[in-house]
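One structure is given here, and the rest of the page talks about it.
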């Protein structure tokens with residue numbers, strides 16, 4: 001792997017903030033006004049939260065995406081730059097509007113209202129060859145939201161791998177429930193991230209271990225998030241588990257993206273599968289300690305300290 005490239009990681013994805021409203025958030029129509037406990041505007045989108053988590057761990061990260069020349073677009077660019085993400089390759093389109101997700105949080109439950117804006121408009125052709133040449137790894141998330149990216153994504157991954165990069169994909173959920181058209185893309189994917197429901201849906205299997213092994217026949221590495229139970233990963237014939245880390249959970253938004261960031265850190269540093277998975281679980285778990293997807297993402301030192309304790313005294 002070429003460690004002399006300008007970027008450890010290139011994220012190709014969607015850009016939108018999250019507006020989190022908490023308290024008694026169930027709306028009442030008929031022009032009824034209700035007061036809520038809190039309102040927080042924070043970094044949203046699976047891709048951007050992942051990029052923030054990776055940069056927080058020290059990976060040199062660049063982002064390719066689209067946003068509007070509006071308040072939400074400027075907010076997202078500013079927040080990513082503050083987190084040391086290179087946004088030089090983000091296109092700001094005056095004729096478009098930045099997407100937005102409004103999250104209605106009531107205790108542990110939530111409802112999400114999303115305005116897509118420019119989210120579906122990014123194409124593979126919008127990724128400059130110059131940044132593709134300079135990245136060690138390419139990551140894509142929110143596959144089903146990025147409809148214009150889908151047709152060109154297999155070739156984008158193929159071109160990246162031809163230039164010595166590795167690739168990863170977090171599909172997120174398919175609202176259509178069809179889970180079709182992945183054969184070509186998975187053949188060009190090195191690391192596949194899914195949760196339990198997504199893994200069983202994509203593999204057409206009812207058992208998570210069977211699903212993981214079936215998917216590992218198509219992808220070098222499969223990592224499946226199991227929520228509070230931790231995660232499992234498969235490479236070839238080897239399957240490993242990591243338990244969840246006990247934390248005081250405030251908000252689970254973006255936990256899976258922080259998990260992905262931790263996993264890619266270990267993967268790019270050629271750690272063994274078990275250690276990589278443990279770091280991923282730690283990063284995902286710690287990210288739930290505050291509202292929003294990025295506020296509680298750990299530094300590398302914080303995550304390594306917990307990982308070291310696990311390795312010294314054994315897993316909990």
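The values are calculated or read from the model by the stated rules, or taken from the named source; none is laboratory data. What you see is a predicted model; the values in this text were computed from it and never measured. Here the Cβ positions follow ideal geometry from the backbone for every residue, glycine too, while neighbour counts run over all protein chains shown.
For the reader, a short list of remarks on this structure follows.
- Leading residue by the ranking (modelled with the lowest pLDDT) among those in the stretch 139-185 that are outside any loop (DSSP other than H, G, I, E, B) and out of contact with any helix residue (DSSP H, G or I) (no Cβ under 8 Å at 6 or more places or on another chain): 183
- Candidate set from the stretch 151-177 (those that are surrounded by fewer than 23 Cβ atoms within 10 Å (Cβ to Cβ), in contact with a strand residue (DSSP E or B) (Cβ under 7 Å, 6 or more places away or on another chain) and in contact (Cβ under 8 Å) with a residue 40 or more places away in the chain); member that is farthest from residue 260 (Cα to Cα): 166
- Taking (1) crowded, with 18+ Cβ neighbours inside 10 Å; (2) part of a loop (DSSP other than H, G, I, E, B) in turn, residue 95 satisfies each apart from (1).
- Among all positions in the stretch 109-118, there is no residue which is in contact (Cβ under 8 Å) with a residue 12 or more places away in the chain and closer than 18 Å to residue 51 by Cα.
- Residue 122 falls short of the stated requirement of being in contact with a helix residue (DSSP H, G or I) (Cβ under 7 Å, 6 or more places away or on another chain) and under 23 Å from residue 180 (Cβ atoms).
- Residues that are in a strand (DSSP E or B), more than 17 Å from residue 299 (Cα to Cα) and in contact (Cβ under 8 Å) with a residue 24 or more places away in the chain within the stretch 39-83 comprise 40, 41, 42, 43, 62, 63, 64, 66, 67, 68, listed in sequence order.
- Pick from the stretch 7-28, criterion at pLDDT 95 or above, assigned to a loop (DSSP other than H, G, I, E, B) and more than 28 Å from residue 307 (Cβ to Cβ), ranking: nearest to the chain's Cα centre (by Cα): 14
- Matching residues, the stretch 115-132, being buried (at least 16 other Cβ atoms within 10 Å of the Cβ), in contact with a strand residue (DSSP E or B) (Cβ under 9 Å, 6 or more places away or on another chain) and either more than 20 Å from residue 74 (Cβ to Cβ) or modelled with pLDDT under 90 (or both): 124, 127, 131, 132
- Within the stretch 93-107, considering residues that are in contact (Cβ under 8 Å) with a residue 40 or more places away in the chain and closer than 21 Å to residue 251 by Cβ, the one farthest from the chain's Cα centre (by Cα): 106
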